[in-house]
Amino acid sequence: MVRSLVLNATNEPLSVVPGRRGALLVFEQKADIVHESEHALHSERAALPIPSVLRLRYYVHVPYTNSRAISRRAVFARDGHRCQYCGGHADSIDHVTPRSRGGANTWDNVVAACRPCNTRKRDRLLSELPMGLRRAPEAPSRATLLTAAAPVVPDPWVPYLHVRRSA
Ligand SMILES: [Zn+2]
């Protein structure tokens, strides 16, 4: 499915929407195309280009909150798929303060971890182990969350999301 990256009027990335919705925002003159995709929305009379990136003509105020939904994808995206204990490839999620010890399911308590570290840590606190975090976990930026929302980040999105290409 084609997706469109919606930029705020100030060029900040705002959301990822289905390409059809992106095309209609442009058609309704609520947004302008910044980068076209190779796809179009076909109706009986016309073909609307589906934008890869579009910019709203009006500013949307978005309050920043720490309560954004936590997903595995978003945790991996925030931590660059690196284990936050040893720096190896992360394939699991660890609660820094274990749930069984009263740890919350919040951004500052979840990190990407490799299985060996996760297994080694089990339900213990860091103060009980010779392990430490490479950096303190915190809520990810909107751009990081948007990156996690798309299976593949299209090239035209890259300058707006400030992501590093892995390939
Ligand atoms: Zn590890």
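Considering only the Cα atoms of the range 72-128, their convex hull presents on average a projected area of 3.5 nm². Using θ = phi - 60° in the Karplus curve 6.51 cos²θ - 1.76 cosθ + 1.60, the 3J(HN,Hα) couplings for the range 18-29 round to x, x, 4, 5, x, 4, 5, 4, 6, 4, 7, 6 Hz; x is entered for Gly and Pro. Using all C-alpha to C-alpha distances in the chain, build P(r) with 10 Å bins and read off the rounded percent in each one. Using 10 Å bins, I get a P(r) of 10, 32, 26, 18, 11, 3, 0 for the chain.
Largest GNM mean-square fluctuation among His39, His81, His61, using the chain with Cα springs under 10 Å: His61. Assuming charge only on the beta carbon of Lys and Arg (+1) and of Asp and Glu (-1), the dipole of the range 84-143 about its Cα centre is about 100 debye to the nearest 20. With contributions of -39500 (n - 2.57) from each DSSP H run of at least four residues, the per-residue ellipticity at 222 nm computed over the chain stands at -5000 deg cm²/dmol.
Amide H contacts of Val34: Val53, Leu54, Arg55, each under 5 Å away and 5 or more positions distant or on a separate chain (H built 1.01 Å from N in the peptide plane; Pro and chain starts excluded).
Springs between Cα atoms under 10 Å define the GNM used for the chain, and in it the highest mean-square fluctuation of Asp32, Asp155, Asp94 occurs at Asp155.
Please report the antiparallel percentage of DSSP beta bridges with both residues in the chain, rounded to the nearest 5. Before the final figure, lay out each step's value.
Details: 18 of 21 bridges.
The antiparallel proportion sits near 85 percent.
Normalised per residue, the accessible area of the range 72-128 is 51 Å², obtained with a 1.4 Å probe and no contribution from ligands, DNA or RNA.
Run through the range 122-161 and list the trypsin sites (Lys or Arg not before Pro) located in a DSSP loop whose Cβ has at most 16 other Cβ atoms within 10 Å. Walk me through the numbers before you get to the answer.
On the way: sites: Arg122, Arg124, Arg134, Arg135, Arg142; in loops: Arg122, Arg124, Arg134, Arg135.
Hits after loop and neighbour filter: Arg122, Arg124, Arg134, Arg135.
Taking θ as phi - 60° and the Karplus parameters 6.51, -1.76 and 1.60, the scalar couplings of the range 139-153 work out to 4, x, 6, 4, 4, 5, 5, 5, 4, 6, 7, 10, x, 10, 7 Hz in sequence order, x denoting glycine and proline. Basic side chains Lys and Arg get +1 at the Cβ, acidic Asp and Glu get -1 at the Cβ, and with that the dipole of the range 27-167 about its Cα centre reaches some 620 debye.
The values are calculated or read from the model by the stated rules, or taken from the named source; none is laboratory data. This structure is a prediction, so every number in the text was calculated from the model and none was measured. When we count neighbours, we look across all protein chains shown, and the Cβ atoms used for this are built from the backbone with ideal geometry, even at glycine. Keep in mind that these areas ignore ligands, DNA and RNA; they rest on the heavy atoms of the full protein, side chains included. Shrake-Rupley method; radii C 1.70, N 1.55, O 1.52, S 1.80 Å.
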